[in-house]
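Enquirer: Below: one structure in structure tokens.
Please treat every number below as a calculation from the coordinates, not as lab data. Worth saying up front: this structure is predicted, and the values here are computed from it rather than measured.
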Amino acid sequence: MPKTYLVPPAPPQNEGKTVAAWVFSAFVLLGSVLIALAMITSQNTLLIVGLASVLLALVVGFVLRAAGFGQKAKR
């Protein structure tokens with residue numbers, strides 16, 4: 001019996017370019033820049049603000065995804 005392979009499904013129309021993804025990426029980028037500046041200047045306060053920005057990105061990204069601004073789930 002010959003083996004058959006199915007063609008993979010087409011990617012979603014938005015290719016992951018959603019509001020949730022853009023907001024998440026922006027907050028992580030901002031946090032990363034702040035963390036880098038904190039390491040260069042040895043400022044602990046700036047380091048904490050950068051880490052808080054990255055953690056806030058996780059929360060905001062999940063909230064936006066749950067609110068329907070993320071990529072649709074596969075069915």
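Enquirer: Please tell me the relative contact order of the chain in percent, rounded to the nearest whole number, where contacts are Cα pairs under 8 Å and at least six residues apart. Present the calculation step by step, with values, prior to reporting the outcome.
Expert: Working: 62 pairs, mean separation 28.4, N = 75.
Over the chain, the number comes to 38 percent.
Enquirer: Quick check: the angle from helix 44-64's long axis to the longest principal axis of the chain, C-alpha only, nearest 10 degrees?
Expert: The answer is roughly 30 degrees.
Enquirer: Another question, if that's okay. Once you have the Kirkwood Rh of segment 19-69 from its Cα pairs, apply Stokes-Einstein at 10 °C and 1.306 mPa s and quote D in µm²/s.
Expert: Working: Rh = 11.0 Å.
Calculated translational D: 145 µm²/s.
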